[in-house]
Amino acid sequence: MSDTQNLCPCCSGKAYAQCCKLFHSGRLPIHALDLMRSRYSAYALNLPDYIVSTTHPASPQYMDNKFSWKRKISQFSKNSSFLKLEVLDFKERETLASVTFIAHISQEDQDATFTEKSYFEKMGEKWFYRSGELSSGHAPNLVTTGQLRLLPLAYYGEPILRKKADPIAHITNDLRELIKEMVETMNSCTNGVGLAAPQVHHSIRLFIIRTPIENEDGNREAGPIEVFINPKLSSPSIETWEASEGCLSIPTIRCMVERPKEITIHYTNLEGLLIERRVKGWEARCIMHEYDHIEGILTVDRIDSKERAKIEVSLQNLEKRLHDGLEL
Ligand SMILES: [Zn+2]
Ligand SMILES: [Zn+2]
């Protein structure tokens, strides 16, 4: 049987040569849905290069070591049978999109079907896979009705991340709407526990966090969402501690940052009430990290020159990847 008669693994009903092969040979998908389908086909046909070249540098899946990354993808392809792709939902707005789908696959004759809500982001003319919410089996609860409420993130190198943000005069409906979109944006990022307005291109004094809850065994869980409007910090404890911090605007790079153990925060909540609290531990760290964002400060500014020198090359590469969409 010739190649043209083979049905495309993406279940479009078309021949591979008239479907995903076009994308695998270099054509850019106009819609994120086509990227999603062609990535499924690439997994089915064991084409790790395509997966790597269409993964956003901000994706948690992104690996600097391309060799071992491609080998991992290849192993997954070889160990799985791709039986069927079922697209449940597709939303696209300007440079962002989500696709919810069921991938019917089996591994060693065991059913390994999963449902995923994938998020995509466009840089220049090209769509990239950014992240995904996974659940095993059929999980239609990953489908949300209504419009896509994601906001584009500002990444390392963008001037808005360096500006001191403006105070908020009134809590308006637009502000409430922005906060809802910030919550969805934070949730769409794997490991997102905090997000400041400048990170979504709004230079105003606002941030949200998922209050970290510390267990007795020292592990952390993401708790309820809290909103901080016009926050002010005071009375930092003299005692400090160091911990590794990541940042959604500086994906893949973590820094050891020293911060006070406790601090007092004054802020306005979403109901317009003025609140004063003493916070400590991870909650305090998370608040101080987000507060830095509205002052135009990033984690990479909080490390000593020796540590900074160690990450300088990765940082420059990241900036190139994020702004030129370049593959390095
Ligand atoms: Zn296809
Ligand atoms: Zn951050």
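Here are the numbers for this structure:
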{"quantity": "Within region 226-239, tally of residues that are touching a Lys or Arg at 6+ places or on another chain (Cβ under 6 Å) and either surrounded by fewer than 15 Cβ atoms within 10 Å (Cβ to Cβ) or under 21 Å from ARG205 (Cβ atoms) (or both)", "calculated": "2"}
{"quantity": "Failed condition for ILE238, given (1) aliphatic (A, V, I, L, M); (2) under 20 Å from ALA197 (Cα atoms); (3) more than 16 Å from ligand 2 (Cβ to nearest atom); (4) part of a loop (DSSP other than H, G, I, E, B)", "calculated": "(2)"}
{"quantity": "Selection within region 45-68 - buried (at least 19 other Cβ atoms within 10 Å of the Cβ), among the polar types (S, T, N, Q) and not in a strand (DSSP E or B)", "calculated": "THR54, SER59"}
{"quantity": "Number of the exception - ASN191 against (1) within 16 Å of ligand 2 (Cβ to nearest atom); (2) surrounded by 15 or more Cβ atoms within 10 Å (Cβ to Cβ); (3) assigned to a loop (DSSP other than H, G, I, E, B)", "calculated": "(2)"}
{"quantity": "Residues satisfying the stated conditions in region 154-178, i.e. in a helix (DSSP H, G or I) and under 25 Å from the mean Cα position of the chain (by Cα)", "calculated": "PRO159, ILE160, LEU161, ARG162, ASP174, LEU175, ARG176, GLU177, LEU178"}
{"quantity": "Residue within region 263-277 that is surrounded by 14 or more Cβ atoms within 10 Å (Cβ to Cβ), more than 16 Å from ligand 1 (Cβ to nearest atom) and among the acidic types (Asp, Glu) present", "calculated": "no"}
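Yes/no matrix, rows are residues, columns are (1) outside the structural domain of GLY296 (by TED's automatic domain parsing); (2) assigned to a strand (DSSP E or B); (3) without any contact (Cβ under 8 Å) to a residue 24 or more places away in the chain:
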site	(1), (2), (3)
LEU195	no, yes, no
PRO198	no, no, no
PHE207	no, yes, no
GLU221	no, yes, yes
PRO231	no, yes, no
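The values are calculated or read from the model by the stated rules, or taken from the named source; none is laboratory data. For clarity, every value in this text was computed on a predicted model and none was experimentally measured. Neighbour counts run over all protein chains shown; Cβ positions are idealised from the backbone, glycine included.
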